Amino acid sequence: MESIKLKKITSVWIIAVLTLFVASIVLGILMRLNQGGVLHQAPITFYSNMTIHGITMIGIWFVAGMAGINYLMERYVKTSYTANLIALILTVSGVLMLWAVTLIGKFHTAWTFLYPLPLRVMWAQWATPTFLVAMSILATGWLIWGISMMTQVLKVYSIPQVFAWQHFKKDPAVKTPPFILISMITLVGVVTCLLVAVLLMALYFAEYFSKGNFVNDALLMKNLTYFFGHTIANEMLYLGLAVIYELFSEVGGKPKWKTTWYVALAWNFTLIFILTAFFHHLYMDFVQPEGFQIAGQIASYLASLPAAAVTVFSVWVAVYRVKIKWTLTNLLFFVGVAGWVIGGFGAVIDATISNNIVLHNTQWVPAHFHTYNILGNVLFSLGFFYWFSIQFTDKRVSEKLSRLILSLLIIGGAGFLLAFYIGGADSIPRRFSNYPAEFTTARPLANIGAVFATVYLIPILILFYNISKRCLKILFSSS
Amino acid sequence: MQQSSILLLFLFLMGIALIVFIYIFMSSKRADQGMSNPLKKRFWFFLILTIIMGIFASVTIPKSPYFAFADKTPAKVIHVAAMQFSFFLSEKAIDRDKPSGQKIELPANEVIEFRVTSFDVNHGFAIYDKSNRLITQTQAMPGYVNRLRYKFKEPGEYNILCLEYCGVAHQLMRSSFIVK
Ligand code: HEM
Ligand SMILES: [Cu+2]
């Protein structure tokens, strides 16, 4: 069973994630207000805030997923506390460095730090090397954590078993729990994209220290950047799904989901497609080989098919005409799955090359990825956080407060997102600190977005207070 | 306009998803035996999704910009070089060391080819029509030349905006040309 140490470190992860989440939402609201003309930040401030908002959000929801699966994995295999602790220390160090780099050093490459932007110093001299070191520290910590979890699983299950290949035959002797299958498939993707991140950092360092003797290839660097960035942003969603497979039926008072041949098949396919879907970030680079472009569209479509069809359908089967004990946890999961599907529609539309030509780098992009984050993955992790925090007390969030939390999340989230979608359809560019006058709808939409984002922030603050309080208690209790 | 149909399609799909999720959620209130034959229904659900996606892919892939006017000879070639934070457009090749541009006028209803590159970081080259609709775009990447072909139907002034984040004045980086 979960050790005291694991409970405590998971509490620390949760408090850290929630704190950084609130801070980053505030930065997001400030960005929207600036775009709306209510605030007048210097562009460099806007873009530094945008950079740290993006990196922090990706980072925290990634580690939230990792902390979640680490905690639940202890039900099946012994996990390494040391690896978890190393990841925590390196994450905190890396994140503190990144906040200093952006807020003090004014580093502002956007979170995608597209080559060669980081090397064209338009900020404090120390910011570029510190940024590269911070990213390397994060990648190292997460690699250690991910590889450690994979190793621990492989001590109990063989390689064919972790991928559930024995389920392709009838009546397998050993059954792979869905949680193990999905965690492993996801960890393989996570480790792969982190290795690419390490390679990317090495190439940056090589050029940085070569004093002009070594120059990277912009197209290769872009491919590597999006292989890392796209993949990690997607895998973190699957970490959330692993948690759902483990907990959805349990908190509803139902028997656990089982792995079947089609669940096994779907997730094995997902492993492949998820690693090639990143090509859709380069559709507008016409020099990229056409085969990659078409493969990108097909992989993007296929990546959504198995995981979505199997997971979404399983959730429907689990709920349709079934007496379920609804609590805040599984309600967050259920709403999160709906948000994930809707964001997925926005993503598939954008991953269609002939649409991408009029959507690429418009607000359609933040529209769809914020959808499956703020109304998808974030809710998966919040569901886990809440479930974790109430395990050791009798106190629950009342039904009335649960309803209020969910309503505000949905209303605030939907309004914030619709402003982005409409902006995207109005051809308004993303990543503009201020809008040219000809975009007449841009400013009002930004302000509407800011108002709704503030509505979304209220339930987050309630949950922050509620969950952190309990986690602090776990942290300082002796058993 | 393409963007409006995209938004409508999205809202339509969102509506369907909402109806299904709300319906399923409500059904757990009048619970009885659960879904009958879930395996069979799952199969149909999966099949229908696959078919819809297959149709969508086979209709849209041929419309990809890489194939647009590929067999035509462009009536005019325009060289484009992007630099923080401006564009140079010229009918002649642009010199890296002394970049300079000219006012561009293009004929309507003829295939135009833009040869787009960058002299520093990545930029975007996005063309907006008179009503501020994004009509086509490509990226400006250092060390590479992207060839974008387009046939302008309407005469008038077209704006160019940078659609790849390139630094602190990214939002001010723009240019324009006339179609006659
Ligand atoms: C209510 C909460 C949030 C608000 C108000 C907010 C706001 C914003 C805004 C205004 C932008 C800039 C949009 C533009 O390009 O014009 C942005 C970008 C971004 N947001 Fe959020 N956001 C929120 C939540 C999240 C979450 C949960 C994630 C999780 C992954 C996230 C990840 C990002 C990323 C990756 C970017 C791109 C940054 C870049 O361009 O470098 N955001 N957000
Ligand atoms: Cu730019």
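The values are calculated or read from the model by the stated rules, or taken from the named source; none is laboratory data. As the structure is a prediction and not an experimental result, all values here were calculated from the model. Cβ placement follows ideal geometry from the backbone for every residue including glycine, while neighbour counts extend to all protein chains displayed. Ligands, DNA and RNA are excluded from the accessible area calculation, which covers all protein heavy atoms including side chains. Shrake-Rupley method; radii C 1.70, N 1.55, O 1.52, S 1.80 Å.
Which residue is nearest to A:THR109 (Cα to Cα), if the candidates are limited to the range B:101-137 and must be of a type in the set (Asp, Glu) and assigned to a strand (DSSP E or B)?
The extreme case among them is B:GLU113.
Yes or no, residue by residue, for (1) modelled with pLDDT of 95 or more; (2) more than 10 Å from every other protein chain (Cβ to nearest Cβ); (3) over 19 Å from the mean Cα position of the chain (by Cα):
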position	(1), (2), (3)
A:ILE353	yes, no, yes
A:THR362	yes, no, yes
A:PRO366	yes, yes, no
A:SER381	yes, yes, no
A:ASP394	no, yes, yes
A:SER398	no, yes, yes
A:LEU408	yes, yes, yes
A:ILE411	yes, yes, yes
A:THR441	yes, no, yes
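Scan (1) open to solvent by 30 Å² or more (accessible area, probe 1.4 Å); (2) within 14 Å of another protein chain (Cβ to nearest Cβ); (3) at pLDDT below 95 for the single condition B:TYR144 breaks and write down its number.
(3)
State whether one or more residues within the range A:399-412 are assigned to a loop (DSSP other than H, G, I, E, B) and of a type in the set (Gly, Ala, Ser).
no
Step by step: first the residues of the range A:92-130, then only those that are more than 30 Å from A:ASP217 (Cβ to Cβ) and within 16 Å of ligand 1 (Cβ to nearest atom), then the one that is surrounded by the fewest Cβ atoms within 10 Å (Cβ to Cβ). Which residue is that? Give the derivation first.
At the first step, the residues of the range A:92-130 found to be more than 30 Å from A:ASP217 (Cβ to Cβ) are A:92-93, A:95-96, A:99-100, A:103-104.
If we keep only those that are within 16 Å of ligand 1 (Cβ to nearest atom) as well, we get A:95, A:99, A:103.
Working: A:VAL95: 21, A:TRP99: 17, A:LEU103: 15.
My answer is A:LEU103.
Considering only the range B:168-180, how many residues are more than 7 Å from ligand 2 (Cβ to nearest atom) and open to solvent by less than 10 Å² (accessible area, probe 1.4 Å)?
2
Name every residue in the range A:31-58 that is open to solvent by 20 Å² or more (accessible area, probe 1.4 Å), within 16 Å of ligand 2 (Cβ to nearest atom) and in contact with a Leu (Cβ under 9 Å, 6 or more places away or on another chain), in order of residue number.
Matches in the range A:31-58: A:PRO43, A:MET50.
I'd like the residue in the range B:160-180 that is under 15 Å from the mean Cα position of the chain (by Cα) and in a strand (DSSP E or B) and, out of all such residues, is farthest from ligand 1 (Cβ to nearest atom).
The qualifying residue farthest from ligand 1 (Cβ to nearest atom) is B:ILE160.
Which one is surrounded by the most Cβ atoms within 10 Å (Cβ to Cβ), of the residues in the range A:423-444 that are without any contact (Cβ under 8 Å) to a residue 40 or more places away in the chain and among the hydrophobic types (A, V, I, L, M, F, W, C)?
So, considering only residues that are without any contact (Cβ under 8 Å) to a residue 40 or more places away in the chain and among the hydrophobic types (A, V, I, L, M, F, W, C), the one surrounded by the most Cβ atoms within 10 Å (Cβ to Cβ) is A:PHE439.
Could you tell me whether B:PHE119 is farther than 18 Å from A:VAL358 by Cβ, touching a strand residue (DSSP E or B) at 6+ places or on another chain (Cβ under 6 Å), in the same structural domain as B:VAL80 (by TED's automatic domain parsing) and within 16 Å of ligand 2 (Cβ to nearest atom)? Spell out the reasoning first.
Numbers: farther than 18 Å from A:VAL358 by Cβ: yes; touching a strand residue (DSSP E or B) at 6+ places or on another chain (Cβ under 6 Å): yes; in the same structural domain as B:VAL80 (by TED's automatic domain parsing): yes; within 16 Å of ligand 2 (Cβ to nearest atom): yes.
For B:PHE119, the condition - farther than 18 Å from A:VAL358 by Cβ, touching a strand residue (DSSP E or B) at 6+ places or on another chain (Cβ under 6 Å), in the same structural domain as B:VAL80 (by TED's automatic domain parsing) and within 16 Å of ligand 2 (Cβ to nearest atom) - is met.
Quickly run through the range A:25-35 and pick out the residues that are more than 6 Å from ligand 1 (Cβ to nearest atom) and either more than 14 Å from chain B (Cβ to nearest Cβ) or at positive phi (or both).
A:VAL26, A:LEU27, A:LEU30, A:LEU33
Among the listed residues A:ILE15, A:ILE58, A:ILE44, identify the single one that is of a type in the set (A, V, I, L, M), in contact (Cβ under 8 Å) with a residue 40 or more places away in the chain and either outside any helix (DSSP H, G or I) or within 11 Å of ligand 1 (Cβ to nearest atom) (or both).
Being of a type in the set (A, V, I, L, M), in contact (Cβ under 8 Å) with a residue 40 or more places away in the chain and either outside any helix (DSSP H, G or I) or within 11 Å of ligand 1 (Cβ to nearest atom) (or both) holds for just one of A:ILE15, A:ILE58, A:ILE44, which is A:ILE58.
Among (1) within 10 Å of chain A (Cβ to nearest Cβ); (2) crowded, with 19+ Cβ neighbours inside 10 Å; (3) aliphatic (A, V, I, L, M), there is one condition B:ILE160 misses while meeting the rest; what is its number?
The failed condition is (1).
Within the range B:119-127, is even one residue on the phi < 0 side of the Ramachandran plot, facing chain A (nearest Cβ under 10 Å), small (Gly, Ala, Ser) and away from ligand 1 (no atom under 16 Å from the Cβ)?
no
With the condition kept exactly as written, say whether any residue in the range A:177-196 is in a loop (DSSP other than H, G, I, E, B) and of a type outside the set (A, V, I, L, M, F, W, C).
As a first pass, look at the range A:177-196 and keep what is in a loop (DSSP other than H, G, I, E, B): A:177.
Pick out the ones that are also of a type outside the set (A, V, I, L, M, F, W, C) and you get A:177.
Yes, that holds for at least one residue.
Among the listed residues B:MET26, B:MET14, which satisfies the condition of being more than 7 Å from every other protein chain (Cβ to nearest Cβ), assigned to a helix (DSSP H, G or I) and hydrophobic (A, V, I, L, M, F, W, C)?
Result of the check over B:MET26, B:MET14: B:MET26.
A:THR109: farther than 16 Å from A:PHE385 by Cβ and of a type in the set (Ser, Thr, Tyr), yes or no?
yes
Tell me which residues, restricted to the range B:137-162, are within 11 Å of ligand 2 (Cβ to nearest atom) and without any contact (Cβ under 8 Å) to a residue 40 or more places away in the chain.
Those that are within 11 Å of ligand 2 (Cβ to nearest atom) and without any contact (Cβ under 8 Å) to a residue 40 or more places away in the chain: B:GLN139, B:LEU161.
Can you pull out the residues in the range A:278-294 that are assigned to a loop (DSSP other than H, G, I, E, B), more than 8 Å from every other protein chain (Cβ to nearest Cβ) and surrounded by fewer than 20 Cβ atoms within 10 Å (Cβ to Cβ)?
A:PRO289
I need the full set of residues from the range B:169-180 which are facing chain A (nearest Cβ under 10 Å) and touching a residue at least 12 places away in the same chain (Cβ under 8 Å), in order please.
In the first step, residues of the range B:169-180 are kept if they are facing chain A (nearest Cβ under 10 Å); the result is B:169-172, B:174.
Answer for the range B:169-180, where residues must be facing chain A (nearest Cβ under 10 Å) and touching a residue at least 12 places away in the same chain (Cβ under 8 Å): B:ALA169, B:HIS170, B:LEU172, B:ARG174.
Has the range A:84-101 got any residue that is at pLDDT 95 or above and not in a helix (DSSP H, G or I)?
No, because not a single residue in the range A:84-101 is at pLDDT 95 or above and not in a helix (DSSP H, G or I).
Quick check on the range B:85-107. Is at least one of its residues open to solvent by less than 50 Å² (accessible area, probe 1.4 Å), farther than 22 Å from A:LEU119 by Cα and within 16 Å of ligand 1 (Cβ to nearest atom)?
Looking through the range B:85-107, none of the residues is open to solvent by less than 50 Å² (accessible area, probe 1.4 Å), farther than 22 Å from A:LEU119 by Cα and within 16 Å of ligand 1 (Cβ to nearest atom).
Residue by residue through the range A:314-333, note down the ones that are open to solvent by less than 10 Å² (accessible area, probe 1.4 Å) and within 8 Å of another protein chain (Cβ to nearest Cβ). Break it down stepwise before answering.
The initial filter retains those residues of the range A:314-333 that are open to solvent by less than 10 Å² (accessible area, probe 1.4 Å), namely A:315, A:319, A:328-330, A:332-333.
Residue satisfying the conditions is A:VAL319 alone.
Could you tell me whether A:TRP61 is aromatic (Phe, Trp, Tyr), in contact with a Ser or Thr (Cβ under 7 Å, 6 or more places away or on another chain) and open to solvent by 10 Å² or more (accessible area, probe 1.4 Å)?
So A:TRP61 does not fit the description; no.
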